[in-house]
Amino acid sequence: MLEIKNLHVKLEEEDKQILKGVDLTVEAGKVHAIMGPNGSGKSTLSYVLSGRGGYEVTEGEASLLGEDLLDMDPEERAAAGVFLAFQYPVEIPGVGNMTFLRTAVNAQRKARGEEEISAADFLKLVREKAKTLKIDAEMLKRPVNVGFSGGEKKRNEILQMAMLEPKLCILDETDSGLDVDAMKLVSDGVNALRDEGRGFLVITHYQRLLDHIKPDVVHIMADGRIIKTGGPELALEVEQNGYADLLAEVQ
Amino acid sequence: MTAILSETIKTKPSARRDEETAARLAVMSAGATEGWSVANREAALERVKSMGLPQPRDEYWRWTRPASLIAPEAPTAAVFDPAETPIFDAVDRVKVVFIDGVFSAEESDPLELTGVSIERLADSTSDIHWASELYGKLEARGQSPVERPLAALNTWAATDGLLIRVTGKAEKPVSLIYKHASETSDATLHHVIKLEEGAELTLLENGPAAARFNKVMEVDVADEARFHHVRAQGRDHERRAATHIFARLGRESLFKSFTLTANGVMTRNEAVIELLGDDAMAHVAGACMGDGDFHHDDTVFVTHDALNCESRQVFKKVLKNGAQGIFQGKILVKDGAQKTDGYQISQSLLLDGDSTFLAKPELEIYADDVACSHGSTSGAMDEEALFYLRSRGVPMAEAQNLMVIAFIAEALDEIEDEGLRAELLDRLTGWLDRRRG
């Protein structure tokens, strides 16, 4: 469903190449994990796919279900089915979490030519999904992510994902800042969304998240490229030996 | 320690000031020549003559050019039809309508409200009147330490206005509607509001009023009385307004004023508030949205002269396409005004690089056991937050609107009545939506 071919990306502000030819295919129903050392370009890949400004694609392409993603605005990508769970969810003082969620759900429905969800149906749906993520009514009322703990922010990301039902879920270091219990809660939330029609791209430093969200394919990224692809055992190998051996092997 | 209170900031003598003051006075006349107000008006004229009208070099006029506000003729202003239901239309209220500053009996409700006496200034020509203790008196008090000549000019020349005396809890708001009909109208209105002990009133104001509008409102809030003021200044692009609120607060009283402004080439809103009784509370807030030829100035002076009082100044400005926002806010805590809790925030959201916001927050404190804080910020829309919203599928324009509303929220929250707050929020959202289309 997600096709990335020879993707080259540099920072707009400075002449610095971050991605140097990424090739990646994520099939519907599969969970792909991307691991790699700091600065390898993992987060950049997630931002470029979701349309954040500040990056320039110098070569290559990326498409979702045959649609060219790179030409779309972030909101169009969202409507097409891309969802990025942020590593650092943004605080938006003054915008209520509920208002935000309903605006987002309805905007996407509108973009797809569907009817807006009624206030009553929306409320029912949010409450139901929030409950499984242990998000209480108080958290829903508060401004988006303001005063949330690290764990609350990540759970809020998963709640948005559950409400928006994207086709491609990109999780950018969702495990960072989570304790063991929170990690389990978040992983359960993600696993509940695993579905035949949905693909996942899970970006992480550590293998531990992959104990909870079991990947089908694991990629190792270094210096702007995917240097190795394998099964879940590859993640274990990294956990035991670090990246040094793999990097040496490639060089 | 002996406290030295700030001295009155005297305007400097200048030939140009004298000339311009004389030119302005020459085309105006006293608003009344008989009755109780005559003496108050004459005293005000003396104040105008001794101060002279504002000049660009005056300390509090450096950022707002006074020329168009003091010119003998009002600069013309086209009448704008926003093609929308007038604001507050759904509110159960006593409507009082002025068209270009002229009272309209036809469009107004009868001036009757239980627990409230409402009279027109123009009708009030008796020799003795309760308002003589306040008319021009609070304005005169407010001339020190900062002179406000346009308010004195108003006291002298005001042709009409309301004299409202509240003895109980008013069951519905008094709603002043200022319509603008003539492109060259120059309106001068002066209201006096007296809330007796324990009384309560909500005053609503809306509309552009005139091509040029000079308005003064004097409010005397007695012990334990409560005054709520919610104002929407009208969306005529070319209108000009200089308004003053002078308020005096008694023990355990409450004063809350909120102003929403969208459009207007020139707006100067001054609020001069004195907390004279212990445990009083004064909140003055405003939100404005300016696009293009827009100049909006909030000048606020809050004086704490009693124990354990609270004041808040919350002003938010959203500016684009070269719009200008000004905030000059002061908290003066007099010697002995212990346990004062003063807060002041002024912020602007600059939607492009052409707009400007100038702020002068001032604190002057002579008591030693007080908590006063102030802050002023100016910035662009948070790109990270915008991307976050868009990444969830919210289109750019809608995401920006959400951010604007969020920015203004703290000021809107100063409106106590939930219904009124919701109405203004709704209105604001509508304005933002339509601007998009």
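The values are calculated or read from the model by the stated rules, or taken from the named source; none is laboratory data. Model, not experiment: these values are computed from the prediction. No Cβ is skipped: glycine too gets one built from the backbone with ideal geometry, and neighbour counts run over all protein chains shown. Note: areas computed on protein heavy atoms with side chains; ligands, DNA, RNA excluded. Shrake-Rupley method; radii C 1.70, N 1.55, O 1.52, S 1.80 Å.
When region B:302-337 is filtered for residues that are farther than 20 Å from residue B:254 by Cβ and over 22 Å from the mean Cα position of the chain (by Cα), the ones remaining, listed by number, are B:320, B:321, B:322, B:334, B:335, B:336. Each residue in region B:316-342 was checked for being part of a strand (DSSP E or B) and not aliphatic (A, V, I, L, M), and 11 pass. Considering region B:369-398, the residues that are closer than 16 Å to residue A:94 by Cβ and assigned to a helix (DSSP H, G or I) include one that is farthest from the other protein chains (Cβ to nearest Cβ), namely B:386. Of all the numbered requirements in (1) more than 8 Å from chain B (Cβ to nearest Cβ); (2) of a type in the set (A, V, I, L, M); (3) open to solvent by 70 Å² or more (accessible area, probe 1.4 Å), residue A:111 misses one, and that requirement is (1). Residues of region A:71-88 being crowded, with 19+ Cβ neighbours inside 10 Å, within 9 Å of chain B (Cβ to nearest Cβ) and assigned to a loop (DSSP other than H, G, I, E, B), which ones? Once the filter is applied, which keeps residues that are crowded, with 19+ Cβ neighbours inside 10 Å, within 9 Å of chain B (Cβ to nearest Cβ) and assigned to a loop (DSSP other than H, G, I, E, B), region A:71-88 yields only A:86. Residues of region A:177-225 that are at pLDDT 95 or above, surrounded by fewer than 20 Cβ atoms within 10 Å (Cβ to Cβ) and not charged (D, E, K, R): A:217 alone.
Among the candidates B:362, B:414, the residue that is open to solvent by less than 40 Å² (accessible area, probe 1.4 Å), among the acidic types (Asp, Glu) and within 26 Å of the chain's Cα centre (by Cα) is uniquely B:414. Those residues that are at the interface with another protein chain (Cβ under 7 Å from one of its Cβ atoms) and either crowded, with 18+ Cβ neighbours inside 10 Å or part of a loop (DSSP other than H, G, I, E, B) (or both), I need them from region A:89-104; list them, please. Of everything in region A:89-104, those that are at the interface with another protein chain (Cβ under 7 Å from one of its Cβ atoms) and either crowded, with 18+ Cβ neighbours inside 10 Å or part of a loop (DSSP other than H, G, I, E, B) (or both) turn out to be A:90, A:92, A:94, A:95, A:103, A:104. Within region B:360-368, not a single residue is among the hydroxyl-bearing types (Ser, Thr, Tyr) and within 14 Å of another protein chain (Cβ to nearest Cβ). Consider residue A:132 carefully, then state whether it is open to solvent by 60 Å² or more (accessible area, probe 1.4 Å), more than 14 Å from chain B (Cβ to nearest Cβ), more than 30 Å from residue A:6 (Cβ to Cβ) and of a type outside the set (D, E, K, R). Spelling it out, residue A:132 is indeed open to solvent by 60 Å² or more (accessible area, probe 1.4 Å), more than 14 Å from chain B (Cβ to nearest Cβ), more than 30 Å from residue A:6 (Cβ to Cβ) and of a type outside the set (D, E, K, R). Any residue at all in region B:336-352 that's crowded, with 24+ Cβ neighbours inside 10 Å, over 16 Å from residue B:410 (Cα atoms) and in contact with a Gly (Cβ under 9 Å, 6 or more places away or on another chain)? No, there is no match, as no residue in region B:336-352 is crowded, with 24+ Cβ neighbours inside 10 Å, over 16 Å from residue B:410 (Cα atoms) and in contact with a Gly (Cβ under 9 Å, 6 or more places away or on another chain). All of (1) in a strand (DSSP E or B); (2) without any contact (Cβ under 8 Å) to a residue 12 or more places away in the chain hold for residue B:353 with one exception: (1). Annotation note: Cβ proximity below 8 Å between a residue of region A:209-221 that is farther than 16 Å from residue A:42 by Cα and a residue that is among the charged types (D, E, K, R) and surrounded by fewer than 22 Cβ atoms within 10 Å (Cβ to Cβ) (sequence gap 6+ or interchain) occurs for A:212/A:184; A:212/A:188; A:216/A:30.
The C-beta contact set for region A:150-177 (first residue in contact (Cβ under 8 Å) with a residue 60 or more places away in the chain, second residue basic (Lys, Arg), distance under 7 angstrom, 6+ apart or interchain) comprises A:160/B:392; A:163/A:129; A:164/B:392; A:167/A:198; A:169/A:198; A:174/A:154.
Residues checked against (1) within 17 Å of residue B:133 (Cβ to Cβ); (2) assigned to a loop (DSSP other than H, G, I, E, B):
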| position | (1), (2) |
| --- | --- |
| B:156 | no, no |
| B:163 | yes, no |
| B:177 | no, no |
| B:189 | no, no |
| B:204 | no, no |
| B:210 | no, yes |
| B:215 | no, no |
| B:242 | no, no |
| B:252 | no, yes |
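Just one of the listed residues (B:61, B:130) is open to solvent by less than 30 Å² (accessible area, probe 1.4 Å), of a type in the set (Phe, Trp, Tyr) and at pLDDT 95 or above, and it is B:61. Only residues that are farther than 25 Å from residue B:85 by Cβ and open to solvent by less than 30 Å² (accessible area, probe 1.4 Å) were counted across region B:394-405, and they come to 3.
Report yes if some residue within region B:254-264 is part of a loop (DSSP other than H, G, I, E, B) and either more than 27 Å from residue B:321 (Cβ to Cβ) or of a type in the set (Val, Ile, Thr) (or both); otherwise report no. No: region B:254-264 contains no residue that is part of a loop (DSSP other than H, G, I, E, B) and either more than 27 Å from residue B:321 (Cβ to Cβ) or of a type in the set (Val, Ile, Thr) (or both).
Is at least one residue of region A:173-186 within 14 Å of chain B (Cβ to nearest Cβ) and closer than 25 Å to residue A:199 by Cα?
At the first step, the residues of region A:173-186 found to be within 14 Å of chain B (Cβ to nearest Cβ) are none.
No, region A:173-186 contains no residue that is within 14 Å of chain B (Cβ to nearest Cβ) and closer than 25 Å to residue A:199 by Cα.
Which residues, taken from region A:135-147, are within 14 Å of chain B (Cβ to nearest Cβ) and under 23 Å from the mean Cα position of the chain (by Cα)? Answer for region A:135-147, where residues must be within 14 Å of chain B (Cβ to nearest Cβ) and under 23 Å from the mean Cα position of the chain (by Cα): A:143, A:144, A:145, A:146. Could you go through region A:115-122 and let me know if any residue there is away from chain B (no Cβ under 14 Å), within 23 Å of residue A:191 (Cα to Cα) and either of a type in the set (Phe, Trp, Tyr) or open to solvent by less than 70 Å² (accessible area, probe 1.4 Å) (or both). Yes: one or more hits.
Please go through region B:399-416 and pick out each residue that is touching a Lys or Arg at 6+ places or on another chain (Cβ under 9 Å) and either closer than 12 Å to residue A:94 by Cβ or within 13 Å of another protein chain (Cβ to nearest Cβ) (or both). Quick ask: steps written out before the conclusion?
Let us first name the residues in region B:399-416 that are touching a Lys or Arg at 6+ places or on another chain (Cβ under 9 Å), namely B:399-401, B:407-416.
B:399, B:400, B:401, B:407, B:408, B:409, B:410, B:411, B:412, B:413 - these are the residues of region B:399-416 that are touching a Lys or Arg at 6+ places or on another chain (Cβ under 9 Å) and either closer than 12 Å to residue A:94 by Cβ or within 13 Å of another protein chain (Cβ to nearest Cβ) (or both).
Might you let me know whether region A:155-176 holds any residue that is over 13 Å from the mean Cα position of the chain (by Cα), buried (at least 21 other Cβ atoms within 10 Å of the Cβ) and more than 22 Å from residue A:105 (Cβ to Cβ)? No, every residue in region A:155-176 fails to be over 13 Å from the mean Cα position of the chain (by Cα), buried (at least 21 other Cβ atoms within 10 Å of the Cβ) and more than 22 Å from residue A:105 (Cβ to Cβ).
Of everything in region B:417-426 that is open to solvent by 30 Å² or more (accessible area, probe 1.4 Å) and in a helix (DSSP H, G or I), the residue that is nearest to the other protein chains (Cβ to nearest Cβ) is B:425. Screening residue B:391 against (1) under 19 Å from residue A:107 (Cα atoms); (2) buried (at least 16 other Cβ atoms within 10 Å of the Cβ); (3) in contact (Cβ under 8 Å) with a residue 12 or more places away in the chain leaves a single unmet condition, (3).
One line per residue, one yes/no per condition, for (1) open to solvent by less than 10 Å² (accessible area, probe 1.4 Å); (2) within 24 Å of residue B:104 (Cβ to Cβ):
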site	(1), (2)
B:118	no, yes
B:147	no, no
B:159	no, yes
B:165	no, yes
B:174	yes, yes
B:190	yes, yes
B:197	no, no
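Report yes if residue A:135 is assigned to a loop (DSSP other than H, G, I, E, B) and hydrophobic (A, V, I, L, M, F, W, C), otherwise no. Taking the combined requirement at face value, the residue satisfies it.
Take residue A:57 and decide whether it is surrounded by fewer than 18 Cβ atoms within 10 Å (Cβ to Cβ), among the aliphatic types (A, V, I, L, M) and in a strand (DSSP E or B). First the steps, then the outcome.
Details: surrounded by fewer than 18 Cβ atoms within 10 Å (Cβ to Cβ): yes; among the aliphatic types (A, V, I, L, M): yes; in a strand (DSSP E or B): yes.
Criteria met by residue A:57.
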